[in-house]
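The values are calculated or read from the model by the stated rules, or taken from the named source; none is laboratory data. These numbers come from a predicted model, not from an experiment. Using ideal geometry, Cβ is built from the backbone for each residue, glycine included, and neighbour counts are taken over all protein chains shown.
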Amino acid sequence: MSAAQNLPRRIVVGITGASGAVFGLRTLQICRELDDIEVHLVVSRGARSTIHSELGIQVRDVLDLAGVVYQDNDLGAAISSGSFVTAGMIVAPCSIKTLSAIANSYDDNLITRSADVTLKERRPLVLMVRETPLHRGHLRLMTLAAESGAIIYPPVPALYTLPSSVDEVVDHSCRRALEQLGVFVAGTRRWNGATADA
């Protein structure tokens with residue numbers, strides 16, 4: 001067995017300042033409920049403001065859900081190196097600014113540097129891009145990022161689950177996004193085929 005196989009399953013989570021801080025929060029909560037996941041978290045400066053305004057909680061409440069927390073300007077952090085083994089990274093939510101930086105390998109903060117490392121090491125990078133409507137520039141950036149290996153995962157609601165609340169929509173979106181990193185959560189509702197009209 002290799003040394004890497006003995007390591008805990010590490011996942012890097014980046015939360016940017018795009019609207020939708022709840023996706024980052026729920027992603028952390030889901031990972032916290034699993035025994036075999038070690039979360040390494042980076043919260044951007046913009047995200048700190050969004051967390052407070054959208055969620056009505058303190059940033060510390062979010063940071064406390066992670067195993068390891070880094071400052072977004074700490075380019076010397078462990079997760080900035082490909083030699084630090086992870087199962088991948090998820091940016092939830094992902095702002096267009098961050099998408100642009102990742103698509104163009106512009107590593108000016110720890111979120112974008114970690115994302116670039118994830119791509120160069122051929123690990124899954126999930127970008128929960130939050131913007132609508134999308135103009136051609138946004139679409140080009142998504143294509144560019146995808147061509148480098150990123151998984152573009154806008155948090156589009158899965159209405160086949162017949163959600164009864166926003167919380168259910170958010171929870172399902174985060175569960176399905178985490179599956180792109182090999183993290184599967186028991187009880188996730190799935191499409192089992194259409195039923196015939198009664």
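Conditions (1) surrounded by fewer than 18 Cβ atoms within 10 Å (Cβ to Cβ); (2) over 25 Å from Leu75 (Cβ atoms), marked per residue:
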site	(1), (2)
Thr98	no, no
Ser105	yes, no
Thr118	no, no
Leu127	no, no
Pro133	yes, yes
Leu141	no, no
Leu144	yes, no
Pro155	no, yes
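Residues in region 119-150 that are in contact (Cβ under 8 Å) with a residue 24 or more places away in the chain, part of a helix (DSSP H, G or I) and of a type in the set (A, V, I, L, M, F, W, C): 5 in all.
Given the residues Ala66, Ala77, Ala101, which is the only one that is in contact with a Phe, Trp or Tyr (Cβ under 6 Å, 6 or more places away or on another chain) and at pLDDT 95 or above? Explain how you work it out, then say what you get.
Values: Ala66 fails: in contact with a Phe, Trp or Tyr (Cβ under 6 Å, 6 or more places away or on another chain); Ala101 fails: in contact with a Phe, Trp or Tyr (Cβ under 6 Å, 6 or more places away or on another chain).
Exactly one residue qualifies, and that residue is Ala77.
Sort out which residues of region 151-198 are more than 18 Å from the chain's Cα centre (by Cα), over 26 Å from Asp35 (Cα atoms) and assigned to a loop (DSSP other than H, G, I, E, B), and write them in order of number. Walk me through it before giving the result.
First pass over region 151-198, keeping only residues more than 18 Å from the chain's Cα centre (by Cα): 159-166, 186-187, 189-198.
From the residues that got through so far, the ones that are over 26 Å from Asp35 (Cα atoms) too are 159-166, 191-198.
Passing the criteria: Leu162, Pro163, Ser164, Ser165, Trp191, Asn192, Gly193, Ala194, Thr195, Ala196, Asp197, Ala198.
Checked against the criterion of being touching a helix residue (DSSP H, G or I) at 6+ places or on another chain (Cβ under 9 Å) and either assigned to a loop (DSSP other than H, G, I, E, B) or closer than 16 Å to Cys31 by Cα (or both), region 97-105 has at least one qualifying residue.
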